[in-house]
Amino acid sequence: MGLALLFGRRLAQRRQFRAHGFCQSLVMLLNLILILMIMLPAFNRQVEPKIPSGLHDGYYLTAAIHAGIGTLAE
């Protein structure tokens, strides 16, 4: 995905904005699929049951913050 993002950046530099948009959108959708298939089930299984009582533990707090920021970023 990182290489595809760099390729999309290059497309934008070359003013190929339609191809840039397609490339970046494709990477975003692939990332969303991976989040839904891998990260969300793991979060729901390991972290979500411990919210809010477990937030004093750095493991759960870090995972919750990561999920929040990642949701905003996506």
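The values are calculated or read from the model by the stated rules, or taken from the named source; none is laboratory data. Everything quoted here is computed from the prediction, not taken from an experiment. Methodologically, a virtual Cβ is constructed for each residue, glycine included, from the backbone with ideal geometry; neighbour enumeration extends over all protein chains shown. Quick note on the areas: whole protein, heavy atoms, side chains included, nothing else; ligands and nucleic acids left out. Shrake-Rupley method; radii C 1.70, N 1.55, O 1.52, S 1.80 Å.
Tabulated data for the structure shown
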quantity: Residue list for region 12-27, filter: assigned to a helix (DSSP H, G or I) and open to solvent by less than 90 Å² (accessible area, probe 1.4 Å); calculated: A12, A19, H20, G21, C23, Q24, S25, V27
quantity: Flag for A42 being part of a helix (DSSP H, G or I), farther than 28 Å from I65 by Cβ and open to solvent by less than 90 Å² (accessible area, probe 1.4 Å); calculated: no
quantity: Filter result for the condition that a residue is at pLDDT below 95 and exposed (fewer than 11 other Cβ atoms within 10 Å of the Cβ), over G8, G58, G54, G70; calculated: G58
quantity: Near pairs, Cβ below 8 angstrom, 6+ apart or cross-chain, from region 1-29 (closer than 18 Å to A73 by Cβ and touching a residue at least 24 places away in the same chain (Cβ under 8 Å)) to any residue that is assigned to a loop (DSSP other than H, G, I, E, B) and among the hydrophobic types (A, V, I, L, M, F, W, C); calculated: V27/M1
